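Accompanying notes for the structure given below.
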Amino acid sequence: MKSVLNHTSFEKIPGLVMDLKDMGIKFHVPDINCSKQEFRILDGELWFGLGSVKGIGEAAVGVVEERKKNGVFQSLSDFVLRIQPSKNILEEFICSGAMDGFCENRWERLMIEKSVLGVFASRHPITLFPSVRECGAVEIERLQKYHGNQNVTVIGNASDFRKCRRKPDGAEIAFFKLSDFTGEIEVCCFADAYKKRKNF
């Protein structure tokens, strides 16, 4: 699986991470002192590769080489002094969770984590609430079992929200992605429903 992840496009990583979790394999967000450039297995647990963080790429090589040469980074300021990263590179590392080891109380930034890694690696926001089944809803991965005009309740985290106007009458329609810990779907909220619920 490690080899597969190292040769997989950024867009396909979330699905593979979900497979790993189903297999009971613990998965870690990047760590500036533990992760290598590529995905790695350490003590039976998988660590996200620094080079697979969105926006980092080959910049991870210098980080790993500096760590091998002069030891682990002791603090954020130590990292900055030794690596002298660009503002964008530093922000991507911080947002991915790679610098969390320098802070005892991590400020949860799950949405940013997903935008940088492509997946909620540490935890999914939906785990902060009652389980999907406790709410009488259906997991996204099970939706394919439902057909026709069956009414199904789905709950999850909404992202990538956008709206447009219907050409005939200018009524607003909304589109967004909805995800839970089993998958993600595209959602269209038609004019009447959006009018009633757009202030939620």
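The values are calculated or read from the model by the stated rules, or taken from the named source; none is laboratory data. Note that the coordinates shown come from a computational prediction; the quantities given were computed from them, not determined experimentally. Here the Cβ positions follow ideal geometry from the backbone for every residue, glycine too, while neighbour counts run over all protein chains shown.
Only a single criterion out of (1) modelled with pLDDT of 85 or more; (2) within 28 Å of L20 (Cα to Cα) is not satisfied by Q144, namely (1). So, E66, is that one over 26 Å from I25 (Cβ atoms), at pLDDT 80 or above and acidic (D, E) or not? Yes: the conditions hold for E66.
Checking each residue in segment 162-200 for being in contact with a strand residue (DSSP E or B) (Cβ under 9 Å, 6 or more places away or on another chain), charged (D, E, K, R) and not in a loop (DSSP other than H, G, I, E, B) picks out R162, K163, R165, E172, K177, D180, E184, E186, K195, R197.
Within segment 154-200, take every residue that is surrounded by 11 or more Cβ atoms within 10 Å (Cβ to Cβ) and aromatic (F, W, Y) and give me the one that is nearest to the chain's Cα centre (by Cα). Checking each candidate, the answer is F181. Criterion first (modelled with pLDDT under 80, in a helix (DSSP H, G or I), on the phi < 0 side of the Ramachandran plot and under 14 Å from the mean Cα position of the chain (by Cα)) does S122 satisfy it? Considered against the rule, which asks whether it is modelled with pLDDT under 80, in a helix (DSSP H, G or I), on the phi < 0 side of the Ramachandran plot and under 14 Å from the mean Cα position of the chain (by Cα), S122 comes out as no.
Every condition in (1) surrounded by 13 or more Cβ atoms within 10 Å (Cβ to Cβ); (2) at pLDDT 85 or above holds for E91 except the one numbered (2).
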